[in-house]
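Reviewing the structure listed below.
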Amino acid sequence: LPGKYTVCFRQIVDQGQFPARVAVTKKTLAHKPKNSNTVLKQFQNYAQLIYAQYDAKTFEFGDLNSDATFMGQSAFEISYLAYSGSIEVEGYMICCAVDSDLYVFHFCAPRNDFEALTPTMTRMRDSMAVVQ
């Protein structure tokens, strides 16, 4: 599913089921971030967009990890639990800046499937790189 700044890969499922999804977003900032606070603020904005897609009464972020690495850069990562209708969803997001570009990797799946899909998600995340 191509988007203006996001490419999303979605599992094919029967109607009424929640598909596992991997999305990669690239946003070009006006300037290279001077510090990690700029990256964190952009990541929080992205997280709010994800939050808005679910039932706010059931949405719960995990602890923010500010010691992560992604694409060879310092990164922020967070997980979440939420409901989409009656389906419990588990999600994971990680974000970093490379020069003036911000990258967010987002994975979500039904909670019952999340653990089984984690090795595939990890391999996808860890294989990401900027090609010039």
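The values are calculated or read from the model by the stated rules, or taken from the named source; none is laboratory data. Here the structure is a predicted model, which is why all the values come from computation and not from measurement. No Cβ is skipped: glycine too gets one built from the backbone with ideal geometry, and neighbour counts run over all protein chains shown. Just the protein is used for accessible areas: all its heavy atoms, side chains included, with ligands, DNA and RNA removed. Shrake-Rupley method; radii C 1.70, N 1.55, O 1.52, S 1.80 Å.
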Exercise. Which is more than 23 Å from ALA129 (Cα to Cα) and either open to solvent by 20 Å² or more (accessible area, probe 1.4 Å) or among the β-branched types (Val, Ile, Thr) (or both), of TYR92, TYR103, TYR83?
Worked result: TYR83
Problem set entry | Scan of region 61-75 for residues that are small (Gly, Ala, Ser) and surrounded by 13 or more Cβ atoms within 10 Å (Cβ to Cβ), ordered by number | GLY62, SER66, ALA68, SER74, ALA75
Problem set entry | Subset of region 33-60 [open to solvent by 90 Å² or more (accessible area, probe 1.4 Å) and either modelled with pLDDT of 90 or more or in a helix (DSSP H, G or I) (or both)] | ASN37, LYS41, GLN44, GLN48, LEU49, GLN53, LYS57, GLU60
Exercise. Is it the case that region 17-38 has a residue that's touching a Pro at 6+ places or on another chain (Cβ under 8 Å) and more than 19 Å from GLU77 (Cβ to Cβ)?
Worked result: yes
For this session: State all residues of region 90-112 that are touching a helix residue (DSSP H, G or I) at 6+ places or on another chain (Cβ under 7 Å) and of a type in the set (Asp, Glu); if no residue qualifies, say none.
Result: GLU90
For this session: Please find, within region 61-105, the residue that is farthest from GLN44 (Cα to Cα) out of those that are hydroxyl-bearing (Ser, Thr, Tyr) and not in a strand (DSSP E or B).
Result: SER86
Problem set entry | Matching residues, region 1-32, being among the hydrophobic types (A, V, I, L, M, F, W, C) and assigned to a loop (DSSP other than H, G, I, E, B) | LEU1, ILE12, VAL13, PHE18, ALA20, LEU29, ALA30
Problem set entry | Pairs where the first residue, in region 63-90, is among the polar types (S, T, N, Q) and the second is outside any strand (DSSP E or B) and open to solvent by less than 70 Å² (accessible area, probe 1.4 Å), C-beta under 7 Å, 6+ apart | SER74/SER36; SER79/GLY62; SER84/PHE18; SER84/TYR54
Problem set entry | Residue count for region 8-26, restricted to those that are touching a Ser or Thr at 6+ places or on another chain (Cβ under 9 Å) and open to solvent by 70 Å² or more (accessible area, probe 1.4 Å) | 1
Seminar exercise, completed: If we keep only residues of region 106-132 that are under 22 Å from LEU40 (Cα atoms) and open to solvent by 30 Å² or more (accessible area, probe 1.4 Å), then the residue nearest to the chain's Cα centre (by Cα) is ARG125
